[in-house]
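Peer 1: Below is a structure I'd like to ask you about.
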């Protein structure tokens, strides 16, 4: 089992920190992008964060430009975009790679702990991506922007969700509630 909390990350302001900063919280870790069809999920992620923050929950957003260049801005531009367009207050981090030889250590650990994502009922997102030639290149690869990992208070990955899994998806909300009620 991978404890992701001992991973060093860089905040969107350029500060190096460890995820132990969120020790004891339930986390939803998401690779995000500003110019994606799924970008409106920022609004739902922020609403979920605000609704559950006092219960020890946080969304952590990791911008990534590996999917058709849909996160071209620098950290300042990304932060301004998220704040201005979606009122994002949850923590954002500097851009990382989630696939390939430059995959960030955090995503190495997340993928090792949960090599396959679950999809919402009736989803054909994965097959549509494969039909467009945009399927995973390697087993375990992140498929697209807004793939999500739910991490328990103990730093262990509980579940991985496909990019089209809404932050309001019943299964994700059920899993989150279970994680929040566990000690």
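Peer 1: Calculate for the chain the 222 nm mean residue ellipticity that helices alone would give, adding -39,500 (n - 2.57) per DSSP H run of length 4 or more and normalising by residue count, nearest 500 deg cm²/dmol.
Peer 2: On the way: 5 runs with 52 residues, N = 183.
Roughly -8500 deg cm²/dmol at 222 nm, from the helical runs in the chain.
Peer 1: Using the count of nearby Cβ atoms within 10 Å as a rough guide to exposure, how do 34, 58 rank from fewest to most?
Peer 2: Values: 34 20, 58 17.
Fewest-to-most ranking of 34, 58: 58, 34.
Peer 1: List residues of region 18-43, by number, whose backbone nitrogen lies under 19 Å from a label position 7 Å along Cα→C-beta of residue 76.
Peer 2: Counting only backbone N, you get 34.
Peer 1: Another question about this same structure. So how do 35, 132 line up by other beta-carbon neighbours within 10 Å, fewest first? Walk me through the numbers before you get to the answer.
Peer 2: Numbers: 35 15, 132 8.
Lowest count first: 132, 35.
Peer 1: While we're looking at this one, here's another question. How far apart, in nanometres, would the label points at residue 83 and residue 20 be if each is projected 7 angstrom from Cα along the Cα-to-Cβ direction?
Peer 2: 3.0
Peer 1: Additional query: At a 10 Å Cβ-Cβ cut-off, how would you order 154, 175, fewest neighbours first?
Peer 2: Fewest to most other Cβ atoms nearby, the residues stand as 154, 175.
Peer 1: While we're here: List residues of region 135-160, by number, whose backbone nitrogen lies under 17 Å from a label position 7 Å along Cα→C-beta of residue 181.
Peer 2: Label zone hits: 152-153.
Peer 1: Here is a follow-up. Say each of residue 105 and residue 124 gets a label point 7 Å from the Cα, pointing the same way as Cα to Cβ; how far apart are those two points in nm?
Peer 2: According to this spin-label approximation, the distance is 4.3 nm.
Peer 1: Still on this structure, please answer the following. Given contacts defined as C-alpha pairs under 8 Å and at least six residues apart, what's the relative contact order of region 4-181, whole-number percent? Could the numbers behind the result be given before it?
Peer 2: Working: 318 pairs, mean separation 49.7, N = 178.
Relative contact order for region 4-181 comes out at 28 percent.
Peer 1: I want to verify a result. In a Gaussian network model of the chain, Cα cutoff 10 Å, which of these has the top mean-square fluctuation: 55, 139, 116?
Peer 2: Highest fluctuation among the options: 139.
Peer 1: Of 17, 39, 162, which has the largest mean-square fluctuation in a 10 Å C-alpha GNM of the chain?
Peer 2: Its mean-square fluctuation being the largest, the pick is 17.
Taken together, the values in this text are just the output of simple stated rules run on the coordinates, not laboratory data. As the structure is a prediction and not an experimental result, all values here were calculated from the model. Please note: Cβ atoms are built from the backbone with ideal geometry, for glycine as well, and neighbour counts cover all protein chains shown.
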